[in-house]
Amino acid sequence: MAQKPVAVLAWVGIFLAVFVWSGIGPKDRATWVLEVLPAAIGFVLVAWCYFRFPLTSLAYWLILVHAVILMVGGHYTYAEVPLFSHLGDWFGWERNNYDKLGHLAQGFIPAMIAREVVIRLEVFARSGWSSFFIVCFCLAVSAFYELIEWWVALLSDEAAEAFLGTQGYVWDTQSDMAWALSGAILALVLLGRVHDRQLARVAS
């Protein structure tokens with residue numbers, strides 16, 4: 001789907017503005033690199049695919065939202081995002097739950113990207129198998145990310161605690177994967193029809 005020049009400039013401008021802000025005086029530089037690297041890789045992939053396999057507007061804006069979530073978390077660390085500290089005070093949370101938003105997005109947004117790819121490439125003949133694969137794919141991505149966090153923790157004592165963001169929660173790993181799983185299912189349920197309409201315009 002061809003994107004309007006204004007929309008493209010707005011997308012790039014928002015990404016770069018948040019990226020620069022995120023990199024100015026982050027809480028922990030090593031953590032910033034680890035958290036923002038996926039967003040930077042995503043930017044490169046979006047630019048590379050723009051003329052080769054252009055996505056729907058929905059997919060592009062969801063990718064930007066995910067990148068912003070990553071960059072905000074990289075700036076403050078996921079355990080110290082001020083807004084969620086305030087929300088924690090209001091709702092009586094025992095921890096800063098910004099990381100749960102991140103893991104919800106880790107399922108929600110990749111689900112829509114995977115959905116776009118499998119539908120446009122006609123990977124599955126039936127929509128049921130497509131949805132099943134997408135949910136499994138997102139859960140696998142979440143589990144692999146947890147493995148990466150574990151490896152980083154083993155290799156770096158300094159960045160490990162900030163990167164892991166467990167905040168003393170013993171079930172943090174399982175909770176993270178559950179949030180990603182929930183995000184994938186929610187995305188398919190809430191955005192499926194909107195996405196189908198945009199995909200129909202791409203096909204036409």
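The values are calculated or read from the model by the stated rules, or taken from the named source; none is laboratory data. All figures in this text were calculated on a predicted structure; none of them were measured in a lab. For neighbour counting, all protein chains shown are included, and Cβ atoms are generated from backbone atoms with ideal geometry for every residue, glycine included. In case anyone asks, the SASA skips ligands and DNA or RNA and just uses the protein heavy atoms, side chains included. Shrake-Rupley method; radii C 1.70, N 1.55, O 1.52, S 1.80 Å.
The figures follow:
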| quantity | calculated |
| --- | --- |
| Within the range 173-204, tally of residues that are of a type outside the set (Asp, Glu) and open to solvent by less than 70 Å² (accessible area, probe 1.4 Å) | 19 |
| Selection within the range 37-80 - part of a helix (DSSP H, G or I), open to solvent by 50 Å² or more (accessible area, probe 1.4 Å) and in contact (Cβ under 8 Å) with a residue 40 or more places away in the chain | Trp61, Val65, Tyr76 |
| Subset of the range 1-16 (residues that are surrounded by 12 or more Cβ atoms within 10 Å (Cβ to Cβ), in a helix (DSSP H, G or I) and over 15 Å from the mean Cα position of the chain (by Cα)) | Ala7, Val8, Ala10, Trp11, Val12, Ile14 |
| Sole exception among (1) in a helix (DSSP H, G or I); (2) surrounded by 20 or more Cβ atoms within 10 Å (Cβ to Cβ) for Asn96, by number | (1) |
| Within the range 99-157, tally of residues that are aliphatic (A, V, I, L, M), touching a residue at least 12 places away in the same chain (Cβ under 8 Å) and under 30 Å from Ser85 (Cα atoms) | 10 |
| Unmet requirement for Ala67, which otherwise passes all of (1) closer than 18 Å to Val189 by Cα; (2) at pLDDT 95 or above | (1) |
| Residues (closer than 21 Å to Leu101 by Cβ and exposed (fewer than 15 other Cβ atoms within 10 Å of the Cβ)) located in the range 127-142 | Ala140 |
